[in-house]
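Working notes, structure below.
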Amino acid sequence: MKILIINGPNLNMLGIREPKIYGSGTYGELIRMIAENCREHGDGSDFFQSNHEGALVDRIQQAYFDGTEGIVINPGAYTHTSVAISDAVKAVGIPTVEVHISDVDSREDFRKISFIRAACVATVTGEGFGGYLHACDILREGRAPDESAEKGEL
């Protein structure tokens, strides 16, 4: 399986940005962990991070043409604001799992709103870096969401 991991704004600052919320691991460490996990499962992996909404939309659209079979996306702050990213996920029709390092449902009220959730097959929150591996497992298994990864509604 070819899995695309997309990270939105400020995720390149992991390890620096609010370590009490996001942990002390760096973006590089996150990418290495996911890449190793994908190799162990015989999957291909590609990574993309941008602080710009249009670049994220462009990469999602490119996935349609490059053989991507699953997307794991942490849209960062665009989770709560971007109809464009949600529309891009819907347009390409590639199974997508929304992931968040922190438990967004236990944080500020605005973080509980996700425009992308309805376009995704599952959502994983509050599992730290391990949530990305859980998201990859969901894509590999092609399974419906369960209690720990629920399909969301707006």
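The values are calculated or read from the model by the stated rules, or taken from the named source; none is laboratory data. Only a predicted model underlies this, so the values are computations on that prediction, with no experimental measurement involved. Using ideal geometry, Cβ is built from the backbone for each residue, glycine included, and neighbour counts are taken over all protein chains shown. Just the protein is used for accessible areas: all its heavy atoms, side chains included, with ligands, DNA and RNA removed. Shrake-Rupley method; radii C 1.70, N 1.55, O 1.52, S 1.80 Å.
Numbers below:
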item: Approximate spin-label separation Glu36-Ile21, in nm, with each point projected 7 Å along Cα-to-Cβ; result: 2.8
item: Protein accessible area in the chain, 1.4 Å probe - carbon and sulfur %; result: 51
item: Karplus 3J(HN,Hα) series, Hz, for segment 86-93 with 6.51 cos²θ - 1.76 cosθ + 1.60 (x for Gly, Pro); result: 4, 4, 5, 4, 4, 4, 7, x
item: Kirkwood estimate for segment 8-64, i.e. one over the average of 1/r between Cα atoms, Å; result: 12.7
item: Segment 9-140, accessible area per residue, ligands and nucleic acids excluded (1.4 Å, Å²); result: 45
item: Net length gained if the chain between Ala55 and Asp87 were fully extended (0.36 nm per residue, minus Cα distance); result: 10.1 nm
item: Of Ala122, Ile31, Asn51, farthest towards positive along the dipole that unit charges on Lys, Arg, Asp, Glu beta carbons give the chain; result: Asn51
item: Under-21-angstrom lysine pairs by C-alpha in the chain, whenever the two are 8 or more apart or on separate chains; result: 5
item: Beta bridge orientation in the chain: antiparallel %, DSSP, nearest 5; result: 5
item: Gained length - Met13 relative to Asp109, 0.36 nm times residue gap less alpha-carbon distance; result: 32.2 nm
item: Net +/- balance of residues flanking Asp103 in space, Cβ distance below 10 Å, scoring K and R +1, D and E -1; result: 0
item: Pairwise label distance in nanometres, Asp137 with Glu29, each label 7 Å out on the Cα-Cβ vector; result: 2.1
item: Per-residue [θ]222 nm for the chain (sum of -39500 (n - 2.57) over DSSP H runs n ≥ 4, rounded to 500); result: -10500 deg cm²/dmol
item: Computed log₁₀ I(q)/I(0) - Debye formula, equal Cα scatterers, no solvent, the chain, q 0.12, 0.14, 0.15, 0.18 Å⁻¹; result: -0.43, -0.60, -0.70, -1.06
